[in-house]
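Let me begin by presenting the structure, written as structure tokens, before commenting on it.
The values are calculated or read from the model by the stated rules, or taken from the named source; none is laboratory data. Model, not experiment: these values are computed from the prediction. Glycine gets a Cβ as well: all are built from the backbone with ideal geometry, and neighbour counts include every protein chain shown. Note: accessible area is taken over every heavy atom of the protein model, side chains too, but ligands, DNA and RNA are not part of it. Shrake-Rupley method; radii C 1.70, N 1.55, O 1.52, S 1.80 Å.
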Amino acid sequence: MIESVKLRRQCMLDFYSHYEHLCELQGSVPLKAVKANLTQNAIDLIVDHIKATDWAPLLNAIRHNKTLTSIGIRSLHQHGLEESGVERYKTYFRRRTPATLSKDLTGQLCKAVKGCLSISDVLKNLELQGLLLRARDLTLLTKGLATASSLESVSLAHCPIGDGGLETICQSIKNAATIRSVNFTACSLTWRGAEHIANVLKHQAMRRHGEAWAESLRYRRPDLEYMTGLRRVTLNCNMLVGDRGASAFADCLGEDLWLKALDLQQCGISNEGARSLLDALQTNTTLVVLDIRKNPLIGHILMKNIIERVLKNGNSANSEYRWLTSPSSKDALKNRSKKRTIVLGSGRKGKATIRIGLLSKKSVSPGKKITSVKESYSPKPLPPGTKGFLPWRTAERAKRCRYFFHLFFLLHFPQYKPNYCVPVKVTVESASTFDTEDTEDLDDVIHYPDLAKSIDKINVTEYQQLELELEECMLKLKEEQRAREKAEERVTELEIENARLRNLNISLSEVLHAQSVTSTILEDEGVLGSIENSFQKFHAFLDLLKDAGLGQLAVLAGIDQSDFGLLGHPQMNSTLSKP
């Protein structure tokens, strides 16, 4: 066997060895993140910091691998977010666009995933999170899902694929024999996307009903749990699903015996959609999770009834399907947020802290101690009975609120002057994880002594800007109200016109029906008249034969003498008479 072919076959069985070999051929260094996130034949990577040149060996290793049981490719890049409030202090971050936003790279990634799905017999979990997948990428991914032989779970959370992309994916999911769970959280779906999923469930239900009927022959009991098809559908954080999408799911849930979990958190469902789901639960006894929480338009009592009904179904089932604690979101952004600290002024009464952005749990670097109000300001307590003594609870409350009280008045009332100067420390936190280089220190403390003096001017300008924005919003609101009134008037006119046309249509249909009935009656009378005339002529002919002495011809023809006369008429004689 050729040495290169032997080496390639050996590398197919060891992902990291194959990856190192490809990096060696390319002349690059293997990424530490790949080895750190490779555990028990499963890889889970956050790929925003990976450069475009480092993707080629990684994708080739994924394409030819046969041992990975789980592949997770995640991007935490937030599209379309504006800068935070640090711009006013002239503090800027150096941003770097992730390579995953390139359409060429996403196409290569989907090709690699397709190749892995077509040759792997052990891959069970596929997660592509936060990637900008285009129509060409989804077509490649669909072909890979159609050839998968062991895949059980597919997740495209936070990928803005839309209803068209979901329809493409559903073409392979509805015929997949092994896929049991799909996750389309925050995929920009509407009620049309919900209808696509509902059609997949109906298609699989019809096929499984046929299988159940075949297995029930000869008094056998079909095992519904081991039949193929979807068991869990997650559509959280798609606000445009609404009541129409909930009704689409309710139509297929009424007679479904296989779906176990349906997650619809933050989907814009109101009481109307919730009632349709509750009606479907009257006949469905297999659904153990129907999560409609975090839909504020649903009444508390109605939601409680739905959850109680679903929990009753779950009491008698082997509950391997759990309720999700919250919609899948990019929580890593909060845990890895960056922080800048701005200290204003100095004093001996303590430091007031202003935090802008998300809270961060990142530890503070040694030697850079951040002092809060509670730690820095701790007055010596007075003994009970002396002047100015306060109970410790009251003192604690006053200590917490004192500087925020002065700060509130200082920000909103420029004429307010406290009797002492409060040093202010501003902590600015950014929600983006990969905005700066890895070597950049994110906890630097920047001192602005002049900024404390000019805070009054900043507050006045901010107030004026807010007033201008408020006026613009009020003008827009009035324009929208006028447009809404015009639209409502137009709708009323169209409804009146529609009712008039409907009445006109009904009257015309009634006239046409009466004319058709009359014409039918006239036609029937004409036919009867023509038949009667024919019989009269025939009997006249027989009378002529009788008068001419040729009555024996009628006897030979089998015509009785009683047939010579018409019923209800006297005997008809010939019109010829002798002179």
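Per-residue answers, yes or no, for (1) buried (at least 16 other Cβ atoms within 10 Å of the Cβ); (2) polar (S, T, N, Q); (3) touching a Phe, Trp or Tyr at 6+ places or on another chain (Cβ under 7 Å):
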site: Val233; (1), (2), (3): yes, no, no
site: Ala246; (1), (2), (3): yes, no, no
site: Gln265; (1), (2), (3): yes, yes, no
site: Ala280; (1), (2), (3): yes, no, no
site: Val289; (1), (2), (3): yes, no, yes
site: Ile298; (1), (2), (3): yes, no, no
site: Ile301; (1), (2), (3): no, no, no
Residue check for Asp563: at pLDDT 75 or above, more than 60 Å from the chain's Cα centre (by Cα) and surrounded by 10 or more Cβ atoms within 10 Å (Cβ to Cβ): no
Hey, Lys453 open to solvent by 40 Å² or more (accessible area, probe 1.4 Å), modelled with pLDDT of 90 or more and not aliphatic (A, V, I, L, M) or not: no
Failed condition for Ala186, given (1) hydrophobic (A, V, I, L, M, F, W, C); (2) under 20 Å from the mean Cα position of the chain (by Cα); (3) assigned to a helix (DSSP H, G or I): (3)
Hits in segment 1-59 (condition: modelled with pLDDT under 85, loosely packed, with under 12 Cβ neighbours inside 10 Å and touching a helix residue (DSSP H, G or I) at 6+ places or on another chain (Cβ under 9 Å)): Met1
Residue satisfying condition, being open to solvent by less than 30 Å² (accessible area, probe 1.4 Å) and either in a loop (DSSP other than H, G, I, E, B) or charged (D, E, K, R) (or both), within set Leu117, Leu133, Leu109: Leu133
Residue in segment 170-179 that is in contact with a His (Cβ under 7 Å, 6 or more places away or on another chain), in a loop (DSSP other than H, G, I, E, B) and small (Gly, Ala, Ser) present: no
Filter result for the condition that a residue is of a type in the set (D, E, K, R) and modelled with pLDDT under 90, over Arg232, Arg221, Arg309, Arg244: Arg221
Pairs with Cβ under 7 Å, 6+ apart, first in segment 161-172 and among the hydrophobic types (A, V, I, L, M, F, W, C), second surrounded by fewer than 18 Cβ atoms within 10 Å (Cβ to Cβ): none
Selection count, segment 241-263, where residues are touching a Lys or Arg at 6+ places or on another chain (Cβ under 9 Å) and within 18 Å of Leu311 (Cβ to Cβ): 5
Test: residue in segment 566-578 that is among the polar types (S, T, N, Q), surrounded by 10 or more Cβ atoms within 10 Å (Cβ to Cβ) and either modelled with pLDDT of 75 or more or in a helix (DSSP H, G or I) (or both): no
Some residue of segment 129-145 being of a type outside the set (D, E, K, R), more than 12 Å from the chain's Cα centre (by Cα) and more than 19 Å from Gly72 (Cα to Cα): yes
Candidate set from segment 60-78 (those that are closer than 19 Å to Gly130 by Cα and hydroxyl-bearing (Ser, Thr, Tyr)); member that is surrounded by the most Cβ atoms within 10 Å (Cβ to Cβ): Ser75
Meets criteria (part of a helix (DSSP H, G or I), out of contact with any helix residue (DSSP H, G or I) (no Cβ under 7 Å at 6 or more places or on another chain) and within 20 Å of Ile50 (Cβ to Cβ)) for Asp104: yes
Breaking point among (1) part of a helix (DSSP H, G or I); (2) touching an Asp or Glu at 6+ places or on another chain (Cβ under 7 Å); (3) under 22 Å from Lys66 (Cα atoms), for Arg192: (3)
Only listed residue being surrounded by 22 or more Cβ atoms within 10 Å (Cβ to Cβ) and more than 18 Å from Gly107 (Cα to Cα), chosen from Ala205, Ala177, Ala148: Ala148
